[in-house]
Amino acid sequence: MYAVIDLETTGLWTGRHDRVCEIAIVRVDSNGWIEDEWCSLVNPGRDLGPQAIHGISAAEARLAPFFSDLAGHVVHRLSGRVIAAHNLVFDIGFLSSEFRRLGYDAPIAYHQGLCTMRLADQFLPFAGRSLLDCCDAAGIQIEHAHSALDDARAAAKLLGFYLTQQDDGSPLGYHTAADAQGWPSIPITDVVPVPRHSGVRRPQHFLVRIAERLPRVPDPQQADQYLALLDNVLLDRHISETEADTLIDLADTLDLSRADLLSLHCQYLKALAFEAVDDGVLTDAEVADLTTVAELLGLSKSDVVDSIEGAGRITEQPGATSTPRPRFRLAA
């Protein structure tokens, strides 16, 4: 019935050079029970990008098969299934891009899949938008965030939770369309999937931890898809020109106006400030990071002060302004 996917990638930009470096597919039946799991590292044919986020080493990637070696396996596991993911637009964008590189058009459409982040509006109205926050609200544990298999498994359990909340127990939709999808005929190779090594992951940075707790934004309806990408872009406290182009392209695709984006950026900064002071202590490092995020979003230092004051628990005042950085500028 369903195939829940999760990808780890070298970055956020499908249109240029970022690639998939890990893929997981967890198949789920109509009742929400997990049927089987499949996962492999993928040799991206380039550097691994922000390794601190996905935790995949260069040594592991060199031993992994290329996507071309795994494409037949992927088609076999997705055929006839409704594709689901947490932040579906991100995963199907990268998956479609990988198939296009091989000369195939994959029948993957956002409007024919299920996004567990968007479905949270219906089933978990008070949860944040991250997979971790939605799973917490549903009582589901994630073992290793940013591991494709653990994230896909958690999203599959989240989908199962949603299915149990259906009043009539019916499927969540699109199963008829999935049966009619024409996947390309790609031979299944004898290449064996290569799982990642279960190593000790580094402690997460402040922005990573609090980004996983940020609330969803109900208006405009498509805001969470933009903010989920913004979560990932800001993890290294830098917005490259490529990442800025990606954000602008997504905003255009989602039909978000300049006023919408400015409002979302302000709300985002306020949510970050609230989460930063939630433990009752606001450190100089946290203030510096909030100031950096504000600069990157085209906001001012006064916006930082207002956001911290609005959070209601100030313990330290913002310090001196940092060295100017490139900003994400909204189109006029």
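We did not get these values from a lab; they are worked out from the coordinates using the rules stated. None of these values were measured; they are calculated from a predicted model. FYI the Cβ positions are ideal-geometry reconstructions off the backbone, even for glycines, and counts take in every protein chain you see.
Figures for the structure shown
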| item | result |
| --- | --- |
| Per-pair calculated FRET efficiency, R0 = 45 Å: Tyr110 and Leu63 via Cβ, rounded to 0.05 | 0.85 |
| Packing-based order for 299-307, 67-75, using average beta carbon neighbours within 10 Å, highest first | 67-75, 299-307 |
| Positive-end residue, the stretch 2-180 charge dipole about Cα centroid, Cβ charges, pick of Ile83, Gln51, Gln122 | Gln51 |
| For the stretch 37-92 versus the stretch 248-274, the gap between their alpha-carbon centres in whole angstrom | 29 |
| Distance cut-off 20 Å, percentage of C-alpha pairs in the stretch 41-102 lying past it | 35 |
| Gyration tensor (alpha-carbon) shape descriptor, the stretch 23-179, a/c threshold 1.5 | oblate |
| Listed peptides 286-296, 272-282 by packing density, highest first (mean Cβ within 10 Å) | 286-296, 272-282 |
